[in-house]
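Below is one structure, written out as structure tokens; comments come after it.
The values are calculated or read from the model by the stated rules, or taken from the named source; none is laboratory data. In this text the structure is predicted, and so the values were computed from the model without any measurement. Backbone-built Cβ (ideal geometry, glycine too); neighbour counts: all protein chains shown.
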Amino acid sequence: MGEKTAVDVIPVSLIRSLIQDRPQFDTILFTTDGVKKLFELDNFPVIEDEEYPVYLAVNEQEITEGYTIQHGAGVLKFTEPPEYGNGSISHYYAQLTDQEIEDALNAGLLRHDPSATWDEFPEEYSPFVQWLAMASCYYMLASKWATYARLKVETVETHDQQVAGRYFDLARRMEDRYMDASAGIIQVADITRRDVRTGMLVPIAEEFYNE
């Protein structure tokens with residue numbers, strides 16, 4: 001049995017629920033000409049696992065191999081061009097990929113306690129790591145919406161920048177919640193004393209706080 005990962009301890013679905021980024025269902029229809037191999041999806045990142053499967057068909061025949069999906073970019077690529085006709089792909093999408101959420105969880109644990117691991121994850125850490133992961137996710141969403149707004153500068157009226165601002169505010173709020181909740185927590189590794197010989201701050205000796 002391998003080492004535990006972030007999503008083994010705190011499921012991606014939980015973080016998605018907390019940040020209101022639940023996967024949505026979409027079906028795309030496209031025309032195949034026997035030459036083209038790449039097809040762009042309207043909505044992405046694509047979520048693909050046992051709970052959210054992808055269904056691909058060409059001329060009403062299900063395709064189960066001979067293609068890949070660039071989940072983050074929303075691109076369907078066939079190994080060989082599909083025959084002339086009509087295709088369809090049904091899939092689930094969200095604003096963040098599973099990997100981005102897992103990265104946010106790893107960053108949250110590292111920030112809360114650099115010495116902790118997912119294999120020996122203290123249960124009391126859970127809310128703190130979740131708040132930090134949510135803050136990271138909101139910052140990512142703010143960045144994505146801000147970028148999207150800049151790409152739509154030709155539009156006279158756009159509220160995308162306002163959406164980015166709201167996500168940024170939510171990120172700061174999650175960080176504030178974390179700071180308020182952890183204000184009374186003192187990590188033994190953070191306690192120091194001033195060495196009378198050198199005048200430098202050094203950690204308290206282990207035998208002192210183990211007594």
Next on the checklist: Taking the criterion of being surrounded by 13 or more Cβ atoms within 10 Å (Cβ to Cβ), part of a loop (DSSP other than H, G, I, E, B) and not hydroxyl-bearing (Ser, Thr, Tyr), would at least one residue in region 123-133 satisfy it?
Outcome noted: no
Counting only strands (runs of 3 or more DSSP E) wholly inside region 1-104, the ones holding at least 3 residues that are among the small types (Gly, Ala, Ser), modelled with pLDDT of 95 or more and over 30 Å from ARG166 (Cα atoms) are 85-93
Selection over region 14-55 where residues are without any contact (Cβ under 8 Å) to a residue 40 or more places away in the chain and surrounded by 15 or more Cβ atoms within 10 Å (Cβ to Cβ) yields a count of 1
Q | Yes/no for PRO45 being closer than 19 Å to ILE101 by Cβ and assigned by TED's automatic domain parsing to the domain that holds TYR138 | A | no
